[in-house]
């Protein structure tokens, strides 16, 4: 949505140019744990399969039990997962359904002809290890500036991809081996393998961005926070291979609330900014703000310190070593007052149970399990009850406004 909206806004600024939204499918990824489950209506649903390797090549028929559990899954999702040949095809199917009318171009780079174009980079990585040197140089500059980095360049930044194998290629003496397999290659052998089967060489996170821009140079790359950080480490690689480094653009961020939840927010006297505060601190703040009682013992603490100061002066006149004892007793007394304060606050929290529960419920809506909603709740949570959900988001998003958007949807 951020990419499409950016293209629309840029077209208004430059009507003489055409701006094309592109969706890059990470079909060669093999981190199935990241995508084998989703959360819908507070319940976790998992895709049970023993398939391994590049996830885009997974057969999706084994996902059918999930469709039997959830009522109301749109037909185009069912067709995508149950009628297409693999996960990459399924994703292309539903993405085209949702965004095809906006001119979205979908790229699945797990293709022999596309990999053949990338052969010069693969050779440089296998035999000269240039990407490692360039990425390490920029990474050091970033770290020396006080920033943390996200990815770690390797001597060889390609996996061997064949069938259900996607394993790292490593240098082994005068030859090469594929980790966790029996596959080995001499220098001439791996060169011949690259000539005959370029599709078997799959870039890791260090070279995937270069592969992407090598095939389709972009005006801008839109990504999440962690992605944009590791892209910065790769500028040297782009320069070496004379590939244009795109502008880096954060995607839109949003939290979704129903109109009923918005009313609860208002009844609780919360602002949208409040909802981002730490949960317990927010509850404490609002309980104190809504009570008619004095909740702290600050005055008593001042008196306590004054009394113990007088005791210390009196005691040290007799024996200077008694100062430590008096200060230790002061700390104990202060802790006792803090314990009483906590009990007072706890009792008042019970008195304001409706408010407290409302705050916790709202926090759970936007930060389920303590994580941002977008990292937990599946798209279907909003789409099934509101087929115009995407249109609402597109209308609300300003692709060049990088603040967090709070979107209200009608139940």
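The values are calculated or read from the model by the stated rules, or taken from the named source; none is laboratory data. A quick note: this is a predicted structure, and the numbers were derived from the prediction, not measured. Every residue, glycine as well, gets a Cβ built from its backbone with ideal geometry; the counts of neighbours run over all protein chains shown.
Miscellaneous remarks
- Residue identified as under 25 Å from residue 30 (Cβ atoms) and in contact (Cβ under 8 Å) with a residue 12 or more places away in the chain among 174, 180: 180
- One residue stands out among those in region 58-81 that are in contact with a helix residue (DSSP H, G or I) (Cβ under 7 Å, 6 or more places away or on another chain) and more than 17 Å from residue 380 (Cα to Cα): the one that is surrounded by the most Cβ atoms within 10 Å (Cβ to Cβ), which is 58.
- If the condition is being at pLDDT 95 or above, in contact with a helix residue (DSSP H, G or I) (Cβ under 9 Å, 6 or more places away or on another chain) and under 18 Å from residue 109 (Cα atoms), then region 178-205 contributes 194, 195, 197, 198, 199, 200, 201, 202, 203.
- Conditions (1) surrounded by 14 or more Cβ atoms within 10 Å (Cβ to Cβ); (2) not in a loop (DSSP other than H, G, I, E, B): number failed by residue 206: (2)
- Across region 2-44, the number of residues qualifying as closer than 22 Å to residue 373 by Cα and at pLDDT below 95 comes to 14.
- Test: residue in region 60-71 that is within 26 Å of residue 203 (Cβ to Cβ), out of contact with any strand residue (DSSP E or B) (no Cβ under 8 Å at 6 or more places or on another chain) and part of a helix (DSSP H, G or I): no
- For residue 27, the conditions (1) buried (at least 18 other Cβ atoms within 10 Å of the Cβ); (2) in contact with a helix residue (DSSP H, G or I) (Cβ under 6 Å, 6 or more places away or on another chain); (3) not in a loop (DSSP other than H, G, I, E, B) all hold with the exception of (3).
- Candidates 178, 229, filtered to the one that is closer than 30 Å to residue 366 by Cα and in the same structural domain as residue 148 (by TED's automatic domain parsing): 229
- Residues of region 10-23 classified as surrounded by 13 or more Cβ atoms within 10 Å (Cβ to Cβ) and assigned to a helix (DSSP H, G or I), total: 2
- Flag if residue 7 is in a loop (DSSP other than H, G, I, E, B) and more than 24 Å from residue 365 (Cα to Cα): no
- Filter pass, residue 137 being assigned by TED's automatic domain parsing to the domain that holds residue 203, touching a residue at least 24 places away in the same chain (Cβ under 8 Å) and either more than 20 Å from residue 243 (Cα to Cα) or not in a helix (DSSP H, G or I) (or both): no
- Scan region 247-282 for residues that are farther than 30 Å from residue 346 by Cβ, in contact with a helix residue (DSSP H, G or I) (Cβ under 6 Å, 6 or more places away or on another chain) and surrounded by fewer than 18 Cβ atoms within 10 Å (Cβ to Cβ) and the total you get is 1.
- Among the residues of region 209-221, those that are in contact with a strand residue (DSSP E or B) (Cβ under 8 Å, 6 or more places away or on another chain) and either touching a residue at least 60 places away in the same chain (Cβ under 8 Å) or assigned to a loop (DSSP other than H, G, I, E, B) (or both) comprise 210, 211, 212, 215, 216, 218, 219, 220.
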